[in-house]
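K.L.:
Structure in structure tokens, see below.
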Amino acid sequence: MKQREYVVRSDVVPRVAQVTDRGVFVKSLLTEKIGTKNLYFAMGILEPGASAPTSGFVKHDVEEGEFCLNGHGQAAFRDKTYRIEPGMAFYIPAGVAHRFMNTADEPLIMLYAYPAIKAERTVVE
């Protein structure tokens, strides 16, 4: 019987382009493929000038945690905008509309997690 692996190296996980968001890529790190039941953990990469979503805001049916590893940008909520810089963490309750934007000349790299394998993603204006 093959032993289950509990470690994933981000440098071997493919970078997948987000069809709906230009210049946005995701590396899905902890998913059902490794055995998670109620956790999705990924790395989001926004190229300079990119935003997620490309227009409007996005909301999810579950809460979300985000952590900035690299780069600078803005996290916009309907009523407030925050500057993003390395070391900052964001808590986003379920149903709260938000948008992340890269305002720098280098990639904005964010780690994010949902307490579910799949989160329903709805884009709103």
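K.L.:
Which one is farthest from G49 (Cα to Cα) among residues in segment 95-122 that are among the aliphatic types (A, V, I, L, M) and in contact with a Lys or Arg (Cβ under 8 Å, 6 or more places away or on another chain)?
P.N.:
I117
K.L.:
Restricting attention to segment 10-46, which residues are among the acidic types (D, E) and out of contact with any Pro (no Cβ under 6 Å at 6 or more places or on another chain)?
P.N.:
D11, E32
K.L.:
Can you tell me which residue among R83, R99 is basic (K, R) and surrounded by fewer than 18 Cβ atoms within 10 Å (Cβ to Cβ)?
P.N.:
R83
K.L.:
Of (1) surrounded by fewer than 17 Cβ atoms within 10 Å (Cβ to Cβ); (2) closer than 20 Å to V123 by Cβ, L69 satisfies all except one. Which?
P.N.:
Exception for L69: condition (2).
K.L.:
If a residue has to be small (G, A, S) and without any contact (Cβ under 8 Å) to a residue 60 or more places away in the chain to count, how many in segment 82-125 make the cut? Show your work before the answer.
P.N.:
If we filter segment 82-125 for residues that are small (G, A, S), which is where we start, we get 87, 89, 94-95, 97, 104, 113, 116, 119.
Okay, now just the ones that are also without any contact (Cβ under 8 Å) to a residue 60 or more places away in the chain, so 87, 89, 94-95, 97, 104.
Of the residues in that region, 6 qualify.
K.L.:
Just checking, which of R99, R15, R83, R78 is farther than 28 Å from R4 by Cα, basic (K, R) and under 14 Å from the mean Cα position of the chain (by Cα)?
P.N.:
Going through R99, R15, R83, R78 in turn, the sole match is R99.
K.L.:
I would also like to ask the following. Given the residues R9, R4, which is the only one that is loosely packed, with under 12 Cβ neighbours inside 10 Å, touching a residue at least 12 places away in the same chain (Cβ under 8 Å) and either under 11 Å from the mean Cα position of the chain (by Cα) or at negative phi (or both)?
P.N.:
Unique residue meeting the criteria: R4.
Results for (1) assigned to a strand (DSSP E or B); (2) surrounded by fewer than 16 Cβ atoms within 10 Å (Cβ to Cβ), shown as yes or no for each residue.
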site: I45; (1), (2): yes, no
site: K59; (1), (2): yes, no
site: Y91; (1), (2): yes, yes
site: A94; (1), (2): no, yes
site: T122; (1), (2): yes, yes
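K.L.:
Does D79 satisfy the criteria of being outside any strand (DSSP E or B), more than 23 Å from T36 (Cα to Cα), acidic (D, E) and free of Cβ contacts under 8 Å to residues at least 12 places away in the same chain?
P.N.:
Answer is yes for this residue.
K.L.:
Need pairs with beta-carbon distance below 7 Å; first residue within 18 Å of E106 (Cβ to Cβ) and modelled with pLDDT of 95 or more and within segment 56-72, second β-branched (V, I, T) and in a loop (DSSP other than H, G, I, E, B); sequence gap 6+ or separate chains.
P.N.:
So the pair list comes out as H72/T103.
K.L.:
Could you count how many residues in segment 17-29 are surrounded by fewer than 16 Cβ atoms within 10 Å (Cβ to Cβ) and either at pLDDT 95 or above or hydroxyl-bearing (S, T, Y) (or both)?
P.N.:
Number of matching residues: 1.
The values are calculated or read from the model by the stated rules, or taken from the named source; none is laboratory data. Since this is a predicted model, take the numbers as computed values, not measurements. Please note: Cβ atoms are built from the backbone with ideal geometry, for glycine as well, and neighbour counts cover all protein chains shown.
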